[in-house]
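Down below is the structure, laid out as structure tokens.
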Amino acid sequence: MKDDKKDKIWDNDKKDKEFKFKLKDDKKDKIWDNDKKDKEFKFKLKDDKKDKIWDNDKKDKKFKFELKDDKKDKIWDNDKKDKGFKNDKKDKSAWEDDKNDKDFKFKLKDDKKDKLWDNDKKDKEFKFKLKDDKKDKGFKDDKDKNMREEGTKKKYKDPDMKFEDDPPGFKTKKYYYDKTHQNEAMMADSPGIWSSDNTKDFSHICNHEEFNKFKGSLIRYHCVKFGLKDCDLSVIPDSSYLISLMFSYYDRNTDNYIEKSELFEIQSKEKFTEMFDTCQLLDLFKFDETNDDVITREQFIKAFDISIEEKVSVIPTLATVGNGLEIQCALSATPGSEIIWRRHGIDLMEISFPDIAVFSDGILYFDSIGIHHIGNYTCHDRDRPGIKQVHELRVQMPPIVRLSPSTQMLKYDHTDIVLHCHAEGIPPPAIFWEVNKKIIPNQMSHYVRTHENGTLIIHDADYQQDTGAYKCIAKNMAGEAEDLATVFIRKPRESTAGYRQITIEESFFIFHKNGYNVYDPKSCATQRLVKPEYGNVKYIPEELDSAPRMCPEDKLCSWGNAISVKDRYIYIAQPEQSRVMVIDSAQTMNPVQFVSTDKYPTKLHYVEHLDQVWVLCWNSEKDTGSKTIIVIRDASKDKRHHMVHTQPIGYRFDLVQDIFLPSSNDLKHKFNFGYVIHNGQRGLFKLELDTMRYTKAVDLSVFDCVPEYVAYVPIGGQIVVKCIQRTQYGPKTIQILMDHVTDVPLANVTMPGTPYITPDSRHIATVDEKTGKVRVSTVLENGKIEKDFEVTTGSSISDVTFITSDLGRGYDLVLSSAEDGNVFTISLTNGKVTVMKALADPRIEKAYPWSLTTRPITSGNYFSEFFASPSESSFTIINGKHKKVQCNFVDLDTPEATAFSHAVSG
């Protein structure tokens, strides 16, 4: 066979030596006729345009293979003497069926979706099966063939689709995935969760490792199809000849090139979409070095010149957060080759991510281990991808401990003292208590421990026994940590002149059209009331001669988003005045300065580890303007602040729709990147937070959806993207699980609602705002996500927050109803739903065009028992521990923005 040309004419007729091959797509029937008398083997497949018949005549047994080019015709004639395929004693004939012992059988069972090929001299049966549970390759048929075929057509409609409006000079990372399986996931009735126990509900995505397995399976399939020998061996003899046959078979128009349309035809004809769950033929254009539109013979042979032998060794690796790590690949590179390291199928040499590097000697290096590094790292020789090592990186984290309150000075003894210890780590640490360097004795009547030892109650405290230094100690296999609190109790009959009651003050700030109020949730006292004319600020804007009013003289106050900065300051947007107001929440509770911004700042976000406040500005009263993003640095510092613009994408400011940044979390994990979405575009722009520059674009157009929300999962370094598809039946919501390190989508599933991550990163709660259905998943320490349970509130939902669990460690979910005054709490431990009729009815419409909901809800920090929510003219504080209304404040004019602060006073 010659590689130069590729026309195939298989002619084996007794008289005119004609070989015909027919393809029939309408019914896809395969017929093999083994006639006893004339030993004729026929293979018929009918197509609309082509008929090919394989005829093996008894008398002359001639096999011809002809390839035609524009200029030359090459013919290989298989004669008895010296041409083509020669039938010798070892039976090397590819297409001869002997009466006695050469029985070739092909069976397709649609009921069980198994493929059998039987081509052994006596009794050898070749079986190839795909088992989803063990991720073996096989051939799986879909229950709904019509939907699968429709999905396949959509997949290949535009294999080269580009990320719309790519800015000039900005590199876009493109991914091509199997949309067929995306549609499978969308058809699932039950919610999908990304774990091996729920594979029917989601679609895995083809990566480099899966594609190599796919190519190996493809070679075996064609080995059997073409009637070759030893197809079940780990190394198939004369595989280069087989690959050449495959190329000639795929080259339907015999022009010496394989086009995408030809691969699509083969894929449909051979039912590859039913046989393989993840990868398909068109992925050749994604993973292998090919031209943009065609594949040459040389490229095809190189792509399939792989080791079919699959040898995988798994090596568990344990590291500790903050330490450096070097992983040595035990495989040796062949001469002229190199060691490749991959995460989720992506070559780590091809990405740029802080703290990760691959050295020339094959070492994978981590400068500082974080919990986002958790996962599998695979190494292999570039030229021998079938032999690999998988390093399962598990990360342990020493405890992080915080004890509250840090100081208590009590004027009277014989009262109860409560200390709360919050400890996080991987694995979760055990908690121990000491007082004055001695282990607290097990006296249940005096020392009461609750919440898995995290809360210590000292009953009927005595000034002699219980005054002192209390220490909370947390230990796990990664280390231990401690925090200290002091308790002073006045001696009986001693003067109280030198004693001050030092307490931790919790405060809720509620902003309305006549200024803002500050309330103490424990006593329901008004701590501060600031009116619109207030202007006695510490830092007067440099462009003004005198301090401005808090609100315009001729207009009522209007407010945007409010956030707390390290319990020192409250930042609140004033959209109609194009500025952000900064309030001293720790001491005076008064405004201290106004920071000028672009027009209509509406949304604020605080990045704690960089001490930055990010501001999204609409630049218009409605959500139709050219939005911009600005940053206020050193947000927790007592200084005069200024805004800094981020780098525009492609020097254009008119594309930004929204920005999503990582929230503070109990594990103190520092995400270094955020994501920006653009108007109507099917992708994410990755933003480096430290430099405030865009680094990459992630194309999600293969999912045919526009991202709407992004949630961060620190354990395993994962991102959950809420994405909206526009279909003829209306919008459809899918979730895409994406790796934050490589930006590779890992899985996708149809799941209505918005994903929310608990502050301890242990749970994902997806809330369907329309129906009130809540789906809860657990994030395991190895980064895997498992479905826990589903519950429903029976009401549409306005807003969501988390409060400390009253059962132990962790959090409960709190939801405000969009229909009435109900508030729902859901235990993430057992799924119990509690309903409280605690609030006035919500607003019919949003208070401002930029308002996120009709009934926002705000919770305190881990040590707080309270959450709060405004209505049309009132503000309600609820005790989450006791599930009852704590305070209710009325006669407020359109209360809207709310913020919480937790400061020491006394």
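The values are calculated or read from the model by the stated rules, or taken from the named source; none is laboratory data. Just so we're clear, the structure is a prediction, and the values are computed from it rather than from any experiment. Glycine gets a Cβ as well: all are built from the backbone with ideal geometry, and neighbour counts include every protein chain shown. Side chains are part of the model used for accessible areas, which takes the heavy atoms of the whole protein and leaves out ligands, DNA and RNA. Shrake-Rupley method; radii C 1.70, N 1.55, O 1.52, S 1.80 Å.
Might you check whether a residue that is of a type in the set (A, V, I, L, M), surrounded by fewer than 20 Cβ atoms within 10 Å (Cβ to Cβ) and touching a residue at least 40 places away in the same chain (Cβ under 8 Å) occurs anywhere in the range 765-776?
The answer is no; no qualifying residue exists.
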(request) Please specify each residue of the range 871-895 satisfying the condition of being over 27 Å from A485 (Cα atoms), surrounded by 22 or more Cβ atoms within 10 Å (Cβ to Cβ) and not β-branched (V, I, T). (result) F875, P895
(message) Name the single residue that is least open to solvent (accessible area, probe 1.4 Å) among those in the range 587-597 being under 14 Å from E576 (Cα atoms) and of a type outside the set (V, I, T).
(response) F594
(request) Inspect the range 613-628 for any residue being touching a Cys at 6+ places or on another chain (Cβ under 6 Å) and touching a residue at least 12 places away in the same chain (Cβ under 8 Å) and give the result as yes or no. (result) yes
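Would you mind stating whether K722 is closer than 28 Å to K832 by Cα, more than 14 Å from the chain's Cα centre (by Cα) and open to solvent by 10 Å² or more (accessible area, probe 1.4 Å)?
On the way: closer than 28 Å to K832 by Cα: yes; more than 14 Å from the chain's Cα centre (by Cα): no; open to solvent by 10 Å² or more (accessible area, probe 1.4 Å): yes.
No; evaluated as a whole, the condition is false for this residue.
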(message) I'm told E434 meets every condition in (1) at pLDDT below 90; (2) open to solvent by 20 Å² or more (accessible area, probe 1.4 Å) except one. Can you identify the failing condition by its number?
(response) (1)
(request) Could you tell me which numbered condition L419 fails, if it satisfies all but one of (1) under 30 Å from I803 (Cβ atoms); (2) open to solvent by 40 Å² or more (accessible area, probe 1.4 Å)? (result) (2)
(request) May I ask you to verify whether S663 is over 22 Å from S578 (Cβ atoms), touching a residue at least 40 places away in the same chain (Cβ under 8 Å) and more than 27 Å from the chain's Cα centre (by Cα)? (result) no
(message) Being more than 28 Å from G345 (Cβ to Cβ), buried (at least 19 other Cβ atoms within 10 Å of the Cβ) and acidic (D, E) is true for just one of D251, D255. Which residue is that?
(response) D251
(message) So F511 passes all but one of these: (1) of a type in the set (F, W, Y); (2) under 19 Å from W614 (Cα atoms); (3) assigned to a strand (DSSP E or B). Which condition number does it fail?
(response) (2)
(message) Residues that are on the phi > 0 side of the Ramachandran plot, at least 1 per element: which strands (runs of 3 or more DSSP E) completely within the range 746-791 meet that?
(response) none
(message) Among the residues of the range 598-657, what is the count of those that are surrounded by fewer than 13 Cβ atoms within 10 Å (Cβ to Cβ) and of a type in the set (S, T, Y)?
(response) 2
(request) Any residue in the range 259-287 that's under 15 Å from I205 (Cα atoms) and at pLDDT 80 or above: show its pairings with residues that are part of a loop (DSSP other than H, G, I, E, B) and open to solvent by 10 Å² or more (accessible area, probe 1.4 Å) at Cβ separation under 6 Å, as long as the two are six or more apart or on different chains. (result) Q280/D178; L282/P159
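Out of P429, P385, P405, P399, report the one residue that is out of contact with any strand residue (DSSP E or B) (no Cβ under 7 Å at 6 or more places or on another chain) and open to solvent by less than 40 Å² (accessible area, probe 1.4 Å).
On the way: P429 fails: out of contact with any strand residue (DSSP E or B) (no Cβ under 7 Å at 6 or more places or on another chain); P405 fails: out of contact with any strand residue (DSSP E or B) (no Cβ under 7 Å at 6 or more places or on another chain); P399 fails: out of contact with any strand residue (DSSP E or B) (no Cβ under 7 Å at 6 or more places or on another chain).
Residue meeting the stated conditions: P385.
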(message) With the structure loaded, tell me whether A485 is touching a Pro at 6+ places or on another chain (Cβ under 9 Å), aliphatic (A, V, I, L, M) and at pLDDT below 95 or whether it fails that test.
(response) yes
(request) Six or more apart or on different chains, Cβ under 8 Å: which pairs go from a residue in the range 436-456 that's in contact (Cβ under 8 Å) with a residue 40 or more places away in the chain to one that's of a type in the set (K, R)? Could you list them? (result) H451/R809; E452/R809; G454/R809
(message) Within the range 222-241, take every residue that is in contact with a helix residue (DSSP H, G or I) (Cβ under 9 Å, 6 or more places away or on another chain) and surrounded by fewer than 16 Cβ atoms within 10 Å (Cβ to Cβ) and give me the one that is modelled with the lowest pLDDT.
(response) D232
(message) Return the residues of the range 299-316 that are modelled with pLDDT of 85 or more and surrounded by fewer than 16 Cβ atoms within 10 Å (Cβ to Cβ); say none if nothing qualifies.
(response) S313, V314, I315, P316
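Residues being open to solvent by 10 Å² or more (accessible area, probe 1.4 Å) and of a type outside the set (S, T, Y): count how many of those fall in the range 678-691. Steps first, answer last, please.
Step one: filter the range 678-691 for residues open to solvent by 10 Å² or more (accessible area, probe 1.4 Å), giving 679-680, 682, 688, 690-691.
Next, from what is left, pick out any that are of a type outside the set (S, T, Y): 679-680, 682, 688, 690.
So the answer is 5.
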(message) Please count how many residues of the range 837-857 are surrounded by fewer than 18 Cβ atoms within 10 Å (Cβ to Cβ) and under 18 Å from C887 (Cα atoms).
(response) 2
(request) Among the numbered conditions (1) of a type in the set (A, V, I, L, M, F, W, C); (2) assigned to a loop (DSSP other than H, G, I, E, B); (3) under 39 Å from the mean Cα position of the chain (by Cα), tell me where M550 comes up short. (result) (3)
(message) Which count do you get for residues in the range 437-447 that are in contact with a Phe, Trp or Tyr (Cβ under 9 Å, 6 or more places away or on another chain) and either open to solvent by less than 80 Å² (accessible area, probe 1.4 Å) or over 22 Å from V401 (Cα atoms) (or both)?
(response) 3
